[in-house]
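J.: The structure that follows is given in the form of C-alpha cells.
The values are calculated or read from the model by the stated rules, or taken from the named source; none is laboratory data. Everything quoted here is computed from the prediction, not taken from an experiment. No Cβ is skipped: glycine too gets one built from the backbone with ideal geometry, and neighbour counts run over all protein chains shown. Each accessible area value is taken on the protein alone, full model and side chains, heavy atoms only, with ligands, DNA and RNA left out. Shrake-Rupley method; radii C 1.70, N 1.55, O 1.52, S 1.80 Å.
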Amino acid sequence: MEREMKMEVAIWSDIRCPFCYIGKRKFESALAQFDHKDHVSVEWHSFELDPALKTRLDMNVYDYLAEHKGMSRESSIKMHDQVAKTAETVGLKYHFDIAVVANSLDAHRLIQLAKTKGLGPVAEEVLFKAYFTNGVDISDKAALTTLGVEMGLEIMEVDAMLQNDSFTKEVREDEALAQTIGVTGVPFFVLHNKYAISGAQSTETFLEALKQTWNEMELKNNG
C-alpha cells in the first residue's frame with residue numbers, strides 16, 4: 001500500500017527571509033531522517049515580505065531594518081548578529097554586512113520558471129545562498145541570469161523571462177492562496193493539505209509532524 005502513497009508538502013517563503021533559509025535546513029534535516037522520505041513531494045510557493053520594497057543600493061540591511069521597524073541601528077545590528085548565529089547552528093553562513101536591500105519579485109519569477117523544470121528546491125537553495133552568503137543583488141537581471149544557469153536553466157529562457165512579466169501571475173496566485181489559508185508570515189509549511197507549521201521550528205518538530213501525517217495517511221489508506 002505504501003507505494004501508492006505520496007505526502008505533499010507545500011512551503012511558502014521569501015528569498016529575503018533569513019528564517020526561511022534556516023527553516024529549509026531544519027526541514028531538510030527532518031526529511032533526511034524520515035523513513036518514508038522517498039514518498040514526500042515538496043513544492044515551494046512564493047511569498048513577498050514587502051512587495052512594495054524598492055531596491056536600495058545606497059542602504060545596508062542594518063539601516064533598512066532600523067528604519068522599517070523604527071529601532072536604533074545598534075539594535076538592528078544586534079538582531080542581525082543573533083540571526084546569523086542561529087543560522088550557524090544549521091551550517092549556514094550569513095553575511096549581512098554585504099547583503100543588498102532588494103525587491104524579490106524577479107527572484108520569485110525565476111523560481112516559478114525553475115518549478116516548471118522540476119528545479120524548485122534547487123532554485124530556492126541557489127537564491128538563498130546568493131542573497132544571504134554571497135551578497136548578490138537578487139533584483140539585478142544579469143545576476144539572476146547567472147543564477148538561473150547555475151540552477152540548471154537555459155540562459156536564453158531565463159533572459160527571455162526577465163525581459164517581460166512572465167510568471168508574475170504564478171507568484172500572485174501563490175500569494176493569494178497564502179492569504180486564503182491565513183499565512184501571515186514565512187516560512188510556512190503545510191503537510192498534505194492538513195497540518196500547518198509556522199516558522200523555522202526545530203528538526204524534531206518537523207520530523208514528528210511528518211510521522212504523524214504519514215501515520216494518519218496510512219490509517220485512511222488502509223481503512
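J.: Among Gly135, Thr86, Ala160, whose Cα lies farthest out toward the positive end of the dipole of the range 73-223, if unit charges sit on the beta carbon of Lys, Arg (+1) and Asp, Glu (-1)?
T.: Among Gly135, Thr86, Ala160, the one farthest towards the positive end of the dipole of the range 73-223 is Thr86.
J.: Considering the options Thr145, Val122, Met59, tell which one lies farthest towards the positive end of the dipole of the chain, charges being +1 on Lys and Arg and -1 on Asp and Glu at the Cβ, about the Cα centre.
T.: Farthest along the dipole direction, towards plus: Met59.
J.: Set the Förster radius R0 to 35 Å, insert the Cβ-Cβ distance between Glu216 and Ser72 as r into 1/(1 + (r/R0)^6), and round the FRET efficiency to 0.05. Intermediate results must be reported in sequence, preceding the final value.
T.: Details: r = 48 Å, r/R0 = 1.36.
With a Förster radius of 35 Å, E is 0.15.
J.: For the chain, what is the percent of antiparallel DSSP beta bridges, rounded to the nearest 5?
T.: Close to 55 percent.
J.: Work out the charge dipole of the chain with +1 on the Cβ of Lys and Arg and -1 on the Cβ of Asp and Glu about the Cα centre, then indicate which of Thr180, His45, Ser104 is farthest towards its positive end.
T.: Checking the options against the dipole of the chain, the answer is Thr180.
J.: To the nearest 20 debye, what charge dipole does the range 171-223 have about its Cα centre, counting +1 at the Cβ of each Lys and Arg and -1 at the Cβ of each Asp and Glu?
T.: That gives a dipole near 100 debye.
J.: Still on this structure, I have one more. Set the bar at 21 Å for Cα to Cα. Now go through Lys24/Lys69; Lys6/Lys37; Lys26/Lys169 and name every pair that lies beyond it.
T.: Pairs exceeding the cut-off: Lys24/Lys69; Lys26/Lys169.
J.: Please report the accessible area of His192 (heavy atoms, 1.4 Å probe, ligands and nucleic acids excluded) in Å², nearest 10.
T.: Only protein atoms counted, so the area is about 60 Å².
J.: Now for a different question. Quick one: accessible surface of Arg109, probe radius 1.4 Å, all protein chains present, in square angstrom to the nearest 10.
T.: So the heavy atoms of Arg109 present about 10 Å² to solvent.
J.: To the nearest 20 Debye, how big is the dipole of the chain about its Cα centre, given +1 on the beta carbon of each Lys and Arg and -1 on that of each Asp and Glu? Please list the in-between numbers first.
T.: Details: 24 positive and 35 negative charges, 67 e Å.
Result for the chain is approximately 320 debye, rounded to the nearest 20.
J.: I want to verify the translational diffusion coefficient of the chain in µm²/s; compute it with Stokes-Einstein, Rh as the Kirkwood radius over Cα pairs, at 4 °C and 1.567 mPa s. Don't jump to the answer; show the numbers that get you there.
T.: On the way: Rh = 18.3 Å.
Result for D is 71 µm²/s.
J.: Now a separate question. Any idea of the accessible area per residue across the range 92-223, 1.4 Å probe, to the nearest Å²?
T.: 48
J.: Charges only on Cβ, +1 for Lys and Arg, -1 for Asp and Glu: so what's the dipole of the range 94-187 about the Cα centre, in debye to the nearest 20?
T.: Using Cβ point charges on Lys, Arg, Asp and Glu, the range 94-187 gives about 140 debye.
J.: Let me ask another. Can you give the helix-only mean residue ellipticity at 222 nm for the chain, where every DSSP H stretch with n ≥ 4 adds -39500 (n - 2.57) and the sum goes over all residues, rounded to the nearest 500 deg cm²/dmol?
T.: Calculated at 222 nm, the ellipticity per residue is -16000 deg cm²/dmol.
J.: Same structure, new question: What percentage of the solvent-accessible surface of the range 60-195, computed with a 1.4 Å probe over protein heavy atoms, is contributed by carbon and sulfur atoms? Numbers along the way, then the final one.
T.: Details: 3500 of 6700 Å².
Here carbon and sulfur together make up 52 percent of the probe-accessible area.
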